[in-house]
Amino acid sequence: MQKALLQMNVQLSQAVSDITGITGQNIIRAILAGGRDPQTLAAMREPGCKKSEEEIGKALTGTWREEHLFILKQSVAMYDFYTQQLQACDEEIARVYGLTRPDWETGEVQPYTRRKKNSHSKNIPHNPEGIRRHLKRISGVDLSVVDGFGVSLAQTVIMEVGTEMNKFPDEKHFCAWLGLAPKHEISGGKVLKNSTLKTKNRAGQAFRMAAHSVKQADCVFGVMYRRLRARLGPAQATVATAHALARLVYRMLKYQVEYEPLSVNEYQKHYEEQQIKYMRKKAAKFGFQLVPA
C-alpha cells in the first residue's frame, strides 16, 4: 500500500506514523472510493494525530494514475484478507485453549499495575484478557505480569517450555537449555571460550525480547540491564538480563508462586549491601579493614 502511494507521490507515510492505523485506512479507502481532494481526505484524521489537517493535506497531493490505483486496490484487498486470517487464527487459539482441561475453572488474573507507555503493539492476541485467564488456568501462575513480558511472550514461553519444570533439575539446567548460559570450552584446565551457544530456541529468544524491552523501564530488571550494559556492553547485558528473567519464570512455574515485583530502591539497597560485603572481604584478604567515612 505504501509503495503504491509513493509511486503516485502521495506522502501519506510522512503525514501519519502508521498507514494501517485508523486515519491511514480511512484516507486510503476514501481514495479508492474516488476521493481526490486533499483537504477532504485530511479531514478524516483522528483527533489524536500529531499532524494537523493542513499538514496532512499537503502530503495528499499526487498524480492519481490508474495503474497505481489498481495496485493500491489489490494491496488493500490482500491486507483485509490477511487480517481475516489472523482473526481466524486467534479464534482457533481461543478454541484450543478452551479444550485444554475443561474441568478446570478459568484462572483469575489481576489487572496490570504497570503498562508500557505509548504502546500500540499490533502483535497482541485478539481478546488478550481471555488468553491471560487461559494461561493462568493452564500454568497456575500469571506470567504476563512479569516485567518485559506480556500476553504474547507469556504464551510463547508456556507453549515452548510447558508447565512441568521437573524435567529440569535446577535453574542452571533450564537456562542452559534456553541458550542463556555460557558454554565453557576447557583444554588443559584452561577456559578457552565461554560464550553462549547459537540456538534457535524460541523460548530463549522470547526471554531476550523481554530483556530488550525493559532496557529503559523503571523496574529492577531495567536497572540491572543498564548497570550491566555500562560494564559488559548491550549484547551481554541483554543475555544476562534474560538469564535473570528465566530464573524468575522457572521459580514461578516450579513452585507455583506469583510474581511480586521488588521496588527499585530495595534492589539498589540490596546491591549496595552486596558491594560493601564484597569490599570488606577483599580488604580483609589483603590485611586491611574497611572503615566507613
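In the elastic network of the chain, a GNM with C-alpha springs shorter than 10 Å, the most mobile of Thr40, Thr83, Thr241 is Thr40. Along the stretch 57-67 the Karplus relation, 6.51 cos²θ - 1.76 cosθ + 1.60 evaluated at θ = phi - 60°, assigns HN-Hα couplings of x, 5, 7, 9, 9, x, 9, 7, 8, 4, 5 Hz to successive residues, with x for each Gly and Pro. Here Lys285 is the anchor, and the lysines within straight C-alpha reach of less than 21 Å, apart from those fewer than 8 places off in the same chain, are Lys277. Here the calculated FRET efficiency for Glu164 and Leu69, from their Cβ-Cβ distance with R0 = 45 Å, stands at 0.20, rounded to the nearest 0.05. Neighbours of Gln11 by Cβ distance under 12 Å: Lys/Arg scored +1, Asp/Glu scored -1, total +1. Cα centroid separation, the stretch 220-254 to the stretch 149-180: 15 Å. Max-minus-min Cα coordinates of the stretch 131-264 on each principal axis give 51, 34, 23 Å, with the largest extent listed first.
Taking Cα atoms only, the orientation of helix 128-139 departs from the longest principal axis of the chain by about 30 degrees.
Within the stretch 129-215, which chymotrypsin sites (Phe, Trp or Tyr not before Pro) sit in a loop by DSSP and count at most 12 neighbouring Cβ atoms inside 10 Å? Passing sites in the stretch 129-215 do not exist. Amide H neighbours of Thr196 under 5 Å, counting only residues 5+ apart in sequence or on other chains, H built in-plane at 1.01 Å? Answer set, sorted by chain and number: Lys183.
Structural descriptor for the stretch 182-280: relative contact order 19 percent, calculated from alpha carbon pairs under 8 angstrom and at least 6 residues apart.
Backbone amide hydrogens, once placed in the peptide plane, bring Asp142 within less than 5 Å of Tyr259, excluding anything fewer than 5 places away on its chain. Estimated purely from DSSP H runs of n ≥ 4, each contributing -39500 (n - 2.57), the mean residue ellipticity at 222 nm for the chain is -18000 deg cm²/dmol once divided by its residues. Our coupling estimate for the stretch 231-238, obtained by passing each phi through the Karplus curve with A = 6.51, B = -1.76, C = 1.60 and θ = phi - 60°, is 9, 10, x, x, 5, 5, 5, 5 Hz, Gly and Pro reported as x.
With R₀ set to 45 Å, the beta-carbon distance separating Ala235 from Glu54 gives a calculated FRET efficiency near 0.50. Helix 151-161 axis versus longest C-alpha principal axis of the chain: approximately 50°, rounded to the nearest ten. If you bin the C-alpha pair distances of the chain every 5 Å from 0, what whole percents do you get? It works out to 1, 5, 9, 11, 11, 11, 10, 10, 10, 8, 6, 4, 2, 2, 1, 0, 0, 0, in whole percents.
Mind checking which aspartates and glutamates have their C-alpha under 13 Å from Lys3, skipping anything on the same chain fewer than 8 residues away? Answer for Lys3, where 13 Å is the Cα cut-off: Glu67, listed by chain and number. Calculated on the alpha-carbon coordinates, the convex hull of the stretch 2-89 measures out at 89 cubic angstrom per residue. With contacts taken as Cα pairs under 8 Å and at least 6 residues apart, the chain reaches a relative contact order of 12 percent.
Here the Karplus curve 6.51 cos²θ - 1.76 cosθ + 1.60, taken at θ = phi - 60°, turns the phi angles of the stretch 171-180 into couplings of 5, 5, 5, 5, 5, 5, 5, 6, x, 10 Hz, with x standing for Gly and Pro. Note that the stretch 253-293, at 10 °C in a medium of 1.306 mPa s, gets a Stokes-Einstein diffusion coefficient of 124 µm²/s from its Kirkwood radius over C-alpha pairs.
A DSSP coil position with no more than 14 other Cβ atoms inside 10 Å describes the following GluC sites (Glu not before Pro) in the stretch 135-201: Glu164.
Each reported figure results from applying straightforward, stated rules to the coordinates on display, with no laboratory input. Quantities reported herein were computed from a predicted structural model and do not represent experimental measurements. For neighbour counting, all protein chains shown are included, and Cβ atoms are generated from backbone atoms with ideal geometry for every residue, glycine included.
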